[in-house]
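What follows is a set of notes on a single structure, which appears directly below.
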Amino acid sequence: MKLKQYQVDAFATRVFEGNPAAVCPLDHWLDDSLLQAIANENNLSETAFFVPSEKGFHLRWFTPVAEVDLCGHATLAAAHVLFEILGYTGKQITFQTKSGELVVESKDGLLAMNFPARPPVMKPIPDALAVGLGRPPLEVWAANDYIAVFEDEDTLRSISPDFAKLQELDRRGVIVTAPGTDVDFVSRFFAPKIGIPEDPVTGAAHCELTPYWAQRLGKTSFEARQVSPRGGKLSCQLQGNRVILSGKAVTFMIGEIDLGD
């Protein structure tokens with residue numbers, strides 16, 4: 001059995017920036033253990049699989065070690081493959097996912113994703129978080145992940161995490177954020193617990209960051225940058241209990257998986 005696979009740099013305007021994701025279109029679902037094995041073999045932060053459905057497509061995301069319930073950059077990558085390679089002609093794509101129905105629209109040269117907002121709440125600073133980041137943040141908030149707030153972009157860029165210590169925390173990962181020098185806010189995302197020491201650009205994290213910065217800055221539209229070594233830029237807009245994340249994607253590679261007989 002052979003499967004087509006596409007590797008796409010999401011939240012990028014050229015190859016070698018943004019966040020790479022693998023995308024595998026399927027006619028029907030394969031066994032979960034096989035999906036996980038493919039994601040592990042790819043060894044990218046996410047591999048996306050989709051199959052046709054009555055409304056559009058069912059979409060699932062796997063890290064090298066686990067399935068996750070929401071992934072922004074691999075959703076962007078999947079939409080890019082459908083629009084740009086597989087000839088999808090509609091203006092928007094509806095994905096059924098573990099996080100509900102997600103709609104991606106092709107608009108003004110960007111792919112705009114409509115995701116659920118995940119507003120964080122303030123928490124005490126966990127000892128493991130302060131030790132794991134090498135310094136205490138100004139404050140900590142939490143939703144699916146911890147959000148550690150720092151004073152400026154330079155401080156954020158200088159953080160060198162102790163990933164073993166961060167694995168002790170009881171959330172999926174740790175987002176660090178600060179005001180940006182040329183954008184509204186910057187961030188980084190560490191998730192060693194799910195096999196991603198540092199993610200290059202994380203759409204799901206901005207479902208938590210956008211509500212946080214909305215209440216802090218008193219506005220609803222933002223330009224954001226994730227300042228990982230690869231880096232990537234996102235436009236974020238809070239619309240009630242939804243977050244619109246917009247960006248571009250480029251195809252890096254088109255290949256074929258050979259699963260044998």
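Annotations for the structure displayed:
- For the chain: rounded, prolate or oblate by the Cα gyration tensor [a/c cutoff 1.5]: prolate
- In summary, the lysines within cross-link reach of residue 123, defined as a Cα separation below 21 angstrom excluding same-chain residues under 8 places away, comprise 165, 193.
- Angle between the chain longest axis and helix 32-42 axis [Cα atoms, degrees, rounded to 10]: 70
- Anisotropy class of region 121-240 from Cα gyration tensor, a/c 1.5 cut: prolate
- Between the beta carbons of residue 2 and residue 37, assuming R0 = 22 Å, the FRET efficiency works out to 0.90 to the nearest 0.05.
- Rounded to the nearest 20 debye, the dipole magnitude of the chain is 540 debye, with +1 charges on Lys and Arg beta carbons, -1 on Asp and Glu beta carbons, and the Cα centre as origin.
- Theoretical ellipticity at 222 nm over the chain - DSSP helices of four or more residues, -39500 (n - 2.57) apiece, nearest 500: -5500 deg cm²/dmol
- In degrees, nearest ten, helix 203-217 long axis to first principal axis of the chain (Cα): 40
- The relative contact order of the chain comes to 23 percent, based on Cα pairs under 8 Å that sit 6 or more residues apart.
- Under 20 Å from residue 233, Cα to Cα: lysines that are on another chain or at least 8 residues apart: 107, 219, 248
Quick note: the coordinates plus some simple rules give every number you see, no bench work behind them. Computed from a predicted model, the values in this text were never measured in an experiment. In this analysis, Cβ positions are derived from the backbone assuming ideal geometry, glycine residues included, and neighbour counts consider all displayed protein chains.
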